[in-house]
Amino acid sequence: MASYAKSRLARLAEGRKGLGGISVASFLETTIIPIPIEVIVAPIMAASRKRGFIVATVTLAGSVLGALVLYLLAWVLFDEFAQPLIDMASGQQEFDELEAQFREGGFWIVFAISITPAPMQIAALAAGAASYPIWLFVIAITASRAIRYYGLWMLVLAFGAGIARIFEGRKPDLKRNTG
């Protein structure tokens, strides 16, 4: 069963449709499904280490595109959707504080949120709603997510399937050769 799953993941990483699926999954993870994509891509990278760079790249592309869509939605539709929610929750003071934080150090706020497992949606929506400069937002998202996904690939190269098992929530099998 484990070898079937591993070969299935390897085929997923090798085909164009599989890479497109990874990109779509990454887009969805960034926009509406707050489950870390690493749970999906770490085993794929471990199953097909040669293609890990490409897997990291399409994961990055999907994530940046998803973050950009959320940013633009919050920026364009702020008055129609976000402001009424802020008013309903009596959160204007908190929003004003967040907006001030973006003016002072928005790049690092976006960078920090998007490099951690925290839901990326928060940074994207807040940046768009606060009209944070889009070019700085894109740079922060791209840099932080690149570190995250290419760093994962480097871990897989160094430690093999053991890393993938950790991301799946299982203990690494120390008795088995992961190389």
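No value in this document is a laboratory result; all are computed from the given coordinates. Note that the structure is predicted; figures quoted are calculated from it, not measured. Cβ: placed from backbone, ideal geometry, glycine included. Neighbour counts: every protein chain shown.
Per 0.36 nm of contour for each residue apart, how much would the distance between W135 and V39 grow if the chain were fully extended, relative to their Cα-Cα spacing? Could the numbers behind the result be given before it?
Numbers: separation 96, 0.36 × 96 = 34.56 nm, distance 2.93 nm.
Between W135 and V39, full extension yields 31.6 nm more.
Note down the net charge around R103, summing +1 for each Lys or Arg and -1 for each Asp or Glu among other residues with Cβ under 14 Å from its Cβ.
Numbers: positive: none; negative: D96, E97, E99, E104.
For residues surrounding R103, the net value is -4.
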